[in-house]
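Working notes for the structure below.
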Amino acid sequence: MFHTLFILFVYLITIIMCNILNPISKHCNLSPSIHTVIQLQHQRFVHNNHADVCIISTNNSTLDQTHPTVKPLFISNYPTKLVAEKLVAPDSTIKPKLASIVLLDATGWEQFPVQQFTHQFSVNPSHFIDARFIVLVTRSCFSDDRRNVIQFLNDQGILNYAIIPMPISASVPVHNIRVYTENRFSNETIFVQLDDLDNLHRVYPNKLTNFHGYTVFMETSLDNFPYVISYTKGYYFGVIPVMFRNFGMQFLNISFFYIDPNYKSNQPEVQFGLITQQDDFQQQIVFREMTGMCLLCPENTHRYFSPHLMMPFSVEFSILLGTVIICCTLLRLLFPALFRFDPLCFILFGAYRTACNHNLYTQLLLFLFAMLSFFLTKAYNSQILSLISFRNFHTRSNTIDEFMQSDYMVLAHQNQRSQFIEDILGSKLLSPEDEQRLSAHFGVNIHYHYCSLQSCCDANELSSVFQDEAHPIYTVKEKLVSDIFRFQFAANSPFATVWKRYFGWINDAGFWNHRLQYYLNLMRVSLKAPTPPLSEVLFTFEYLMTVWQLLAVGWMISFTVFIVEYFSVWKIFTNSRVK
């Protein structure tokens, strides 16, 4: 009897000591491990630094039966959202609050429920793309269907995840359970013991620092100057390829492949410069500079000398000359004793007698008219010289208001016409009938005579290419219609988050704007060969057109006077012979 009691006592003491050393608590060591995962230091680029938790489960979940303390751990300590298999359509007017910690409950399934979770993610998105996932699966699912779990997470763009094979009950010790994660870019697999709380941070490495040659397929139109330019097949340059090459390839170890929208060979992950927007591309990065529709205008190179040469016959000058004639006539009529000679003759043809033969009043009047003639003559000469020497005499329109005050007319095709465009341009817009008539008359050269509506990318490219041609073209700086440029990423693209961060750094540092201005000026600089300052011709035939016109007018007047004088003399001579 005593021996039996002693054995029972030893057995009880053994059980108690085992429970002290390896406690079989109601937490089963799972709750402390999950709590440690939540408390891990967040990456500093995560959108929200506090832990908003989302628990996604199915109807087959056994988590509440096997580990009833896990969900209360989240609910009692963190803002928690529960997402069940039976979904309710979210209110589109309310912006959903996204979680940075997601508990994906797949317990109760021998095979991972890919379709259920895919439907839940698409109907009710509730997490950031870089959220930290805790995936709970059964041991049979972990051993037999783990590749499908990883494939599902990769398809959803989820990088930060830890897969935990769940014990069948809270009474099972977890010291032999290992947490699993995988780097999809380097194919590195990481196992950490579930009860090794000091090393659980290893299951969440920063996988976005090195993409290990991951290829990003970008769909873009091939003519978005200066962002993407393609002049030879397979070779692209511009702001975007240079930035991708300098920062994406060197810092992130990413390669890029550009896809023509007309010939899709791979599923694109990024879209740029496309008119149509697809629902699958929900993540976007908006450029800081605006784009849209711009006015492309030919520069007016004609030198209209005639209005300046006819300045002496302008209305103002005619009024002044008429006033002088009237005054001279009145002075001659009212004061014949003081003005013995006609003052008008002295003004127009000069004095025929010396100044001593004139009285004081006549000399004062002649001096006044001489001063007036001096200033008028110098002003006229300076105007002519400015037309000869000044090259840039035509001012370009920089704003829409300046353009509306100019004499330009706008050519707009039928697909570019809208009520908004007509309201802005008004009478500046050519009618469709005038457009057809002028197109038939000028052909392609119509753009050298009239402004046209172009996308700002095309306008900048054309104005750079034809800047130094015989018919220079320029772009009005103020946009007629403003729009935005943006990168559109696939909903599950892991590249979107890291590129958004780098894109902000590039803009803040000024690299983006520097490269943008470089390409805007590249073709303009390359088209014009450098010339020594002293070898540049200052005056050409066009610049001296004023001189040629003055000479031509003078020769015509001289020839006319000569003909008139010749016929007059000839008539006088003929009449004398007749007599």
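A few comments on the model shown:
- Pairwise label distance in nanometres, residue 381 with residue 437, each label 7 Å out on the Cα-Cβ vector: 4.8
- The stretch between residue 370 and residue 478 holds 33.9 nm of extra length on full extension. This uses 0.36 nm per residue minus the Cα-Cα distance.
- Database remark: amide H of residue 292 closer than 5 angstrom to the amide H of 456, 457, 483 (H placed geometrically; neighbours at sequence offset of 5 or more, or on other chains; Pro and chain starts carry no H).
- Other-chain or far-sequence residues with amide H under 5 Å of residue 474's (modelled H): 297, 299
- Residue-wise HN-Hα coupling along segment 482-491, computed from phi with Karplus coefficients 6.51, -1.76, 1.60 (Hz; x: Gly, Pro): 8, 8, 10, 9, 7, 8, 10, 9, 4, 4
- Close amide H pairs (under 5 Å, H built 1.01 Å from N) link residue 259 with 218, 219, 220, residues at least 5 positions away or on another chain.
- The label-point distance for residue 77 and residue 289, in a model that sets each label 7 Å from Cα toward Cβ, rounds to 5.0 nm.
- Estimated at 0.36 nm per residue, the fully extended path between residue 444 and residue 422 surpasses their Cα-Cα distance by 5.5 nm.
- Among the listed pairs 81/500; 97/207; 378/479; 97/500, a Cα-Cα separation exceeding 31 Å is found for 378/479.
Laboratory data are not the source of any read-out in this text; all were calculated from the coordinates shown. Just so it is clear, the model here is predicted, and its values are computed rather than measured. So basically every Cβ, Gly included, is an ideal-geometry build from the backbone, and we count neighbours across all protein chains shown.
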